[in-house]
Structure formats: C-alpha cells, structure tokens
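Working notes, beginning with the structure itself.
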Amino acid sequence: MASVIQTKVNKDHAVLSLKLGLEEAAQLKGKMDNIHLIAEENADTKASVYERGKKGCTKYFLIPRLLRKGVRIGKEARCLRFDSKDKMVFVYFVEGV
C-alpha cells in the first residue's frame, strides 16, 4: 500500500508525494502518466464474485446495481490485477457513455 506523505495544492492541480513499496513501484512498469489513485476505504459498495463451470474455472465479477449506470454492455474492457500482501486488486477499464 502507498501513502501520501506530502501534498501541495495549486490553483488547478495538486502535487502529491507518495511513499510506496518496491513491489508496488515495480507494478507500474515504468509508467508515470495516467495513474489513478484509489483509496481502499472508498470501496464501500458490496459486490460479489461467482464461480461457474467445472471446479469453478470461470469467475464472474458482478457489477453492483448502484454502479451500473452508463456501463455499455458488449464494449471492450481492459483489466489489470495487482497483489498486495493480503489482497488481490482487480481494476477494469470499461468504456462508458
């Protein structure tokens, strides 16, 4: 997990200084632009993961009803996964309205 150790707010943007572990830094794969910061405490909507098929080989992440507005079914999505010591984090980028 990363921590914000310093912030500087200007007229139209904020500059953040981050402290993060080497594993998390490596997961950026050298990319320094178009980074989304997510606070785990903001994930307050309950969601479910379902398994189907032989031995649960297919897994479905269900989008909670509260978050479905603007999701376009059938459009391409991109996904990434990163692991921390005690959690797996899956992030999906889905084209919206």
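The values are calculated or read from the model by the stated rules, or taken from the named source; none is laboratory data. All values derive from a computational prediction rather than experimental measurement. Cβ: placed from backbone, ideal geometry, glycine included. Neighbour counts: every protein chain shown.
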- prompt: How many residues, within the range 1-27, are within 26 Å of L67 (Cβ to Cβ), within 16 Å of the chain's Cα centre (by Cα) and not charged (D, E, K, R)?
  reply: 3
- request: Determine whether K31 is surrounded by 10 or more Cβ atoms within 10 Å (Cβ to Cβ), within 27 Å of M1 (Cα to Cα), of a type in the set (K, R) and out of contact with any Cys (no Cβ under 9 Å at 6 or more places or on another chain).
  value: no
task: Please work out if K75 is modelled with pLDDT of 85 or more and either more than 15 Å from M1 (Cα to Cα) or among the basic types (K, R) (or both).
output: no
task: Only residues that are of a type outside the set (S, T, Y) and either in contact (Cβ under 8 Å) with a residue 12 or more places away in the chain or surrounded by 10 or more Cβ atoms within 10 Å (Cβ to Cβ) (or both): list them for the range 69-86, please.
output: G70, V71, R72, K75, E76, A77, R78, C79, L80, F82, D83
